[in-house]
Structure formats: structure tokens, C-alpha cells
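Visitor: This is the structure, below, for whatever I ask next.
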Amino acid sequence: MSEPDLEAAARTAAEHAVAIAAAGAGRKPQTRPSRPSALRPDTPDGVCANCGAQLMGPVCHACGQHADLYKRPVWRLIGDGISDMFALDGRVARTLWELMAFPGRVTRAYLKGQRGRYIPPFRLYLIASLAFFLILPLITAQNALINFQPEGADQARLALTEALESGEMSQADFDRSMRAIDTVMAFETQTPAAAGEESEGEASEGESILTGPQISDGQITAMRRVFVPEEFGEAPDGVTGSRAARSYIADRIERLARAPDRWAAESFAWAPRIMFVMVPLFGVLLGLVYVWRRGFLYFDHLITALQFHAAIFIAMLAAILISLVTGPGWAVLAFFIYAHIYLYRLLRVVYSTGRIQAILRVAALDAAYGFLILMGLTVVVLLGAVSA
């Protein structure tokens, strides 16, 4: 064999050796085959176990299922769960800050398709409304306890004395108010028995020092005589409607008169549900004031209404917290100004409305939505009366 043939044979052998080595490096080492698990997915790696689509990331683009199989020790699973539970999503802080500080920015970005960095509008509304209606009773209860502290009672006595000396209050009203303060403070210091003994006989007939004027049995009888005179053997002159319906109304009024606190509690329980109905109605109003504006559907108005109400709930909660320090007057005024400026800026940013047109539309929305809110409060009171 000639020298060129030897070189060609050596080169061919070397190429085969390199190819064999490369194939061996890419092949997994031979080990004893493991027993297949019935809990392993049937699909190969890189394929969604739910729909079979080829995965292009940690989440399936076809069905939305996460590709994680959670095949790891239990302590790691517990740690991951705790971390997910208490981790603050960056979208929360970003959404709340831009929602409150820059009216209309979040809404406009969401309607233009920039949605990944913000909380969805419906979830944002639920968070804001639940926070408001859950925290409000705690704040008002705490505020009531603060008002009944000894320092507050002393200030109240001093104010009553000044009102009596200046002639703004009669002696009877002064005595009744002082007895009420003494009774409340006695209950606050956990001496209800003594408070009851001291106040017994001092309140006028049909009046409770703790709860104010109470309806008497005579008033209840007179009321029932008007609604259902048949119960008293009288002819129902001028009374219309079935006796069952009139008797139900009389029973309901009597129950509410004897337990007004329950009525208030039931009405408060209905408030979040009525406000949830107010949101789509506000979207309808937005559609009416922009009925000639092309390019906006009811979906756009509904998203705007959801985020506007979320901002209003947060602002109301902040106003209530501020009122604990400054008093309700300045807090209510600040909330009123902020809400109207917010709505003005919202219309300017989302709908690209001019200044004069935005002011006119804010006034129209004020009048129409104010009427709807008044009707909603009426419904809340009526539903509370039926539920109590």
C-alpha cells in the first residue's frame, strides 16, 4: 500500500472514531431502567400534559396550564406556597399608584391593550370594594371607642357647660346630655349594674339614655290600629289592601322600631350588592354622554366605570382614616374635591375630551348619578327593612 493510501485510511479511521465518540457523548449512560410511574404524565418533555400542545414557555399558550409538575419534596412545596401567598405582586403597587395619582392612565392603557402590567379591572374593583366594606366597620367602631375615652368625655362635659352658659342649650337638654355621658362612661368602665341603678327613673317615658327615643307600647298600638283596625274590632274605614299585607307591614314596622340596630346592620350588608349594580349603570351613563363618540363600545365604558369606582372606594377609605385626625369636615371636603377632579381628568384622558366639554359632562354625570345613588340608598334601606 502506498503512502497516500495509508494517509487516506488513517484519516477515514480518525473520522469514524470522532463520530463514534460524539455519539457516545450525546448518549445517556446505560443504567438499570427505572420502573414507570403511574403518576408521571404520558406526554414527553416539552409537551403540555393537558392539551398536548408543544410548550413554548412555562405556561401553555393553548390552554393556559402551567407546565410545573410539582414533583419536589413537600417542604419545598410548602415554602413555595407561603412565598406565593405573601409575595407582593408588582402589578398591585403599580396599578394602585397610577390609578390614584394619574386619573385615566390605567384605564386608557388597558383599553389600548397594555394590560399585562396592571390588575384586571374587575379584580381591582373587588379588592377596593371589599377592603372598603370590611375596614369601614372596624374604623367606625374604633372611632366610637376613642370618643368614649375619659378625655373625650371631659371635653364633651366642658362643651355642654359652655353651651348652657351661653344659652344655646336648655337646662333640660343639658341634664339629659350629662346623664347620657355618665351612663356611657359607666358602661365603658364595666359597671353596667351601677349605671342602670343611677339612670333608672331619670329618663323620660319612652326614652332610653343609651339609644335615644324609643317607641312605646302605646305608639305601637296606635300604629297597628291605623294599619289593621280589624285587630281592635273596628271597621277599616279608608283602609285599602288585604288584611294579610297590612298586617305584615305593621309587624315589620313594629320590629324595626324595636330593633333599629338590626335594621342598620342589614342595610349595611346590602350596600355592597347595590353598589355592584351601580357600576354598570354608571357605564350606561358614560355611554349616554358619549353617545356620538365613535370607537367606544359599552365594554370600554364598563372598564372605565369599574376603575373609577375602585379609585372612589380607595379615596373614601383614605378620607375616613384622615377624618380620625382632622375631623369629618375637612376630610369630606377633600374627598368631594378629589372625586370631581378625578372624574374630570378621567374624561379628559380616556375620551380625549376638551376642557369645557369635560366640565359639562361631569356636571351631567353628577346630576344623573346622584339621582341613581339616592335611589340605590332607598333600595338599601327598604331591603334592610325586609331582611331585618
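The values are calculated or read from the model by the stated rules, or taken from the named source; none is laboratory data. Everything numeric here is computed off the predicted structure, so don't read it as measured data. Note that we place each Cβ from the backbone using ideal geometry, even for glycine, and neighbour counts take in every protein chain shown. Side chains are part of the model used for accessible areas, which takes the heavy atoms of the whole protein and leaves out ligands, DNA and RNA. Shrake-Rupley method; radii C 1.70, N 1.55, O 1.52, S 1.80 Å.
Visitor: Can you give me the convex hull volume of the Cα atoms of the stretch 253-351, divided per residue and expressed in Å³?
Guide: Numbers: hull volume 12.9 nm³, N = 99.
That works out to 130 Å³ per residue.
Visitor: At 1.4 Å probe radius, can you tell me the per residue accessible area of the stretch 232-388 in Å²?
Guide: Details: 8880 Å² over 157 residues.
Computed with neighbouring chains in place, this is 57 Å² per residue.
Visitor: Carbon and sulfur: what percent of the stretch 216-363's accessible surface (1.4 Å probe)? Walk me through the numbers before you get to the answer.
Guide: Values: 5830 of 8420 Å².
C and S fraction of accessible area: 69 percent.
Visitor: What are the ³J(HN,Hα) couplings of the stretch 333-338, residue after residue, when phi is run through the Karplus curve with 6.51, -1.76, 1.60 and θ = phi - 60°? Round to Hz, x for glycine and proline.
Guide: Per-residue couplings from phi come out as 4, 5, 5, 4, 5, 4 Hz.
Visitor: A follow-up question, please. May I ask you to list the residues of the stretch 320-351 whose amide nitrogen lies under 15 Å from a point 7 Å from Cα along the Cα→beta-carbon direction of Ile135?
Guide: It comes to 320-325, nothing else.
Visitor: With every protein chain left in place, what is the accessible area of Phe299 in Å² (1.4 Å probe, nearest 10)?
Guide: 100
Visitor: Okay, next question. Would you list Trp330, Trp97 from the most to the least accessible area, probe 1.4 Å?
Guide: Details: Trp330 180, Trp97 160 Å².
Sorted by accessible area, descending: Trp330, Trp97.
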